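These notes concern the structure reproduced below.
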Amino acid sequence: MQNAKLMLTSLAFGLGLAALAGCSFPGVYKIDIQQGNVVTQDMIDQLKPGMTRRQVRFIMGNPLIVDTFHPNRWDYLYSIQPGGGQRQQERMSLYFGENDQLVGLNGDFMPGVSRDESILGKEGTPATSPSQPTQQQPEQPKEEPAKPGSVEEQIQKEVDQVETVPVPTPEPLDKNPQ
């Protein structure tokens, strides 16, 4: 009888520990897991056809994958998994011609197209397109002078009456260096 009780409690304890191992406790911080090369739209916008491998490496950094079977292709991969969230991945492939100059790219980014604009459904325009009219910023309201007798006027008078004092420059400690 004693053995059966001991065996049942140890079995229940073991099952309880196994169940807790698969649970995540609320309030426990889970780290974000980032892997690969961070590629931004600004980096892609700087790439121009005809750039050398050295220039591309300066802008983009070292490629994550340089395939021995495709030596003229550089692959940049980036993935992030927010703590407990779904994994997201972006990739970019750059292609070089016979004379080691950039001839093309392929992937999740496109030159001159902002990802925010493409997500929102707006048409992206190349950053260097002078033919597109630029959007005008809304006009800022013009500042009106402070009303007589207001707190703003008093503050402005105090600011106008402040005299500037030059900052003294310290003398060197040792006038006769050896």
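Rounded, prolate or oblate for segment 31-107? Axes are the square roots of the Cα gyration tensor eigenvalues, ordered a ≥ b ≥ c, and the cut-off for rounded is a/c under 1.5. Cα axes put segment 31-107 in the prolate bin. Taking Cα centre as origin and charging only the Cβ of basic (Lys, Arg, +1) and acidic (Asp, Glu, -1) residues, the dipole magnitude of segment 31-107 rounds to 100 debye. Between E144 and T68, residue separation times 0.36 nm minus the direct Cα-Cα distance comes to 20.5 nm.
No value in this document is a laboratory result; all are computed from the given coordinates. What you are looking at is a predicted structure, and each value in this text was computed from that prediction instead of being measured. Heads up, the Cβs are rebuilt from the backbone with ideal geometry, glycines too, and the neighbour counts pull from every protein chain shown.
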